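Beneath this line is the structure, given in structure tokens, with notes to follow.
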């Protein structure tokens, strides 16, 4: 209903069934799939049909609820348990809009507002509001002041401490997939949830960078700008995750060294490891983020590097065995290069150079060398020398000196 009123594509429909029992649904051929409450799949369309239900808080966290689904539960009671007013609307079979909590008015005002004080009983709703803010930011939506205040009170009460890592990670990945993912983190920071959930990111805010290279100055602001630029360059959440964390080591720079951040590429990986371990992030997310943190600076100095160092960089990135991940790494670096308002159209010559030199180095045929009888260390040495020679030749064609120092 929400997306239809906003003029957005409706990807799926959810049905609420009032006045029915589980057995009646089963008798009609619906298949029960809900684990925590009665949700069914239609026998032909396979759309979801849920019995109207209410919830009662009986314990801490988002699992501390008892669910009551019975024929006596009204539609309004079911809608009252929803998180936001814009998600608490329904369309009757005759086409009438059922909107007991003013969701359509909040759509017009571009507000994300909680339905009732029961919002505070489920800490996952903090993440959901932040994610909806990221989704609808291009339409001008803001979190209502009273909802933000309630979220802040929930954080202060320690509700977010009850969130399990898997649920936080799920909401994070969904937020990374939105058009304006930076809003997810801005909302979490506004209500105080960023520090307990993502302390590595929170530590970046207020940390200055040199103005000539970073006119935005603040490291946290830079991270979010790079994230949004990554969202423009790639729809892959892994790329966006890596872009977000590329400079996370700056949050651990001793204040007496500010605004410089010498060695932040070496400090970043341990912070990424800690974050990924805590949230149980998949291996591919962790590995790409580690590469971006370690090598983004090297990448953006590619034009200054000697052919041997360029090859060493490609090998450190495992580009020859993992070309797709190498491309994801380059996209994260491009986001870092052009990740500030006004710079989006700038061409990152360094990543373009690495792409081209990688293709040049790949033309050296290891199988042909093996056919000549080379094996083991001799094969590896000859392959290296020929790849360096190919890179050097390409750089000379570019007008670079053959023996440029690093």
For this session: Provide Rg and Dmax in Å for the chain, with only Cα atoms included in the calculation.
Result: 26.3, 82
Seminar exercise, completed: Tilt, helix 165-176 to longest principal axis of the chain (alpha-carbon atoms), in degrees rounded to tens, equals 70
For this session: Within 10 Å of each residue's Cβ, count the other Cβ atoms and sort 340, 229, 356 from fewest upward.
Result: 356, 340, 229
Exercise. Using the Cα atoms as the points, what is the convex hull volume per residue of the stretch 247-403 in Å³?
Worked result: 157
Exercise. If you take the alpha carbon radius of gyration of the stretch 1-140 and divide it by 2.2 N^0.38 Å, what ratio comes out, to two decimals?
Worked result: 1.09
For this session: Going by C-beta contacts inside 10 Å, put 169, 15 in order with the fewest on the left.
Result: 15, 169
Problem set entry | Three-way shape call for the stretch 143-239 based on the alpha-carbon gyration tensor, with the a/c threshold at 1.5 | oblate
Exercise. What length, rounded to one decimal in nm, is gained on full extension from residue 24 through to residue 315, with 0.36 nm per residue of separation minus their alpha-carbon distance?
Worked result: 98.5 nm
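Just the number, please: percent antiparallel of the DSSP beta bridges in the stretch 1-106, rounded to the nearest 5.
Details: 12 of 16 bridges.
Roughly 75 percent of the DSSP beta bridges within the stretch 1-106 come out antiparallel.
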Exercise. Expressed as a fraction of 2.2 N^0.38 Å, the rule-of-thumb size for a compact globular protein of N residues, what is the C-alpha radius of gyration of the stretch 261-307?
Worked result: 1.32
For this session: Express the relative contact order of the stretch 54-164 as a whole percentage, based on alpha carbon pairs under 8 Å and six or more residues apart in sequence.
Result: 26
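Can you put 250, 294, 283 in order, fewest other beta carbons within 10 Å first?
Ranking 250, 294, 283 by Cβ neighbours within 10 Å, fewest first, gives 283, 294, 250.
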Exercise. If you take every DSSP beta bridge whose two residues both sit in the chain, what share of them, in percent to the nearest 5, is antiparallel?
Worked result: 70
Exercise. Given Cα pairs under 8 Å that are at least 6 residues apart, what percent is the relative contact order of the chain?
Worked result: 10
Problem set entry | Mean-position separation - Cα centroids, the stretch 67-117 and the stretch 180-202, in angstrom | 28
Problem set entry | Estimated distance in nm for a label pair at residue 277 and residue 161, the labels positioned 7 Å out from Cα along Cα-to-Cβ | 2.2
Exercise. Using the alpha-carbon centroid of each, what span in Å lies between the stretch 1-40 and the stretch 216-267?
Worked result: 42
Exercise. So what's the angle, to the nearest 10 degrees on a 0 to 90 scale, between helix 219-233 and the longest Cα principal axis of the chain?
Worked result: 90
Exercise. Relative to the longest principal axis of the chain, what angle (0 to 90°, nearest 10) does the C-alpha long axis of helix 283-299 take?
Worked result: 40
For this session: Just need the relative contact order of the stretch 140-273 here, percent rounded to a whole number, with Cα pairs under 8 Å and 6+ apart.
Result: 21
Problem set entry | Kirkwood hydrodynamic radius of the stretch 189-231, from inverse mean 1/r over distinct Cα pairs, in Å | 11.0
Exercise. Going 7 Å from the Cα of residue 13 toward and past its Cβ, which residues in the stretch 84-103 have a backbone nitrogen under 18 Å from where you end up?
Worked result: 88-99
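Quick note: the coordinates plus some simple rules give every number you see, no bench work behind them. Given the structure is predicted, the values throughout are model-derived calculations rather than measurements. Every residue, glycine as well, gets a Cβ built from its backbone with ideal geometry; the counts of neighbours run over all protein chains shown.
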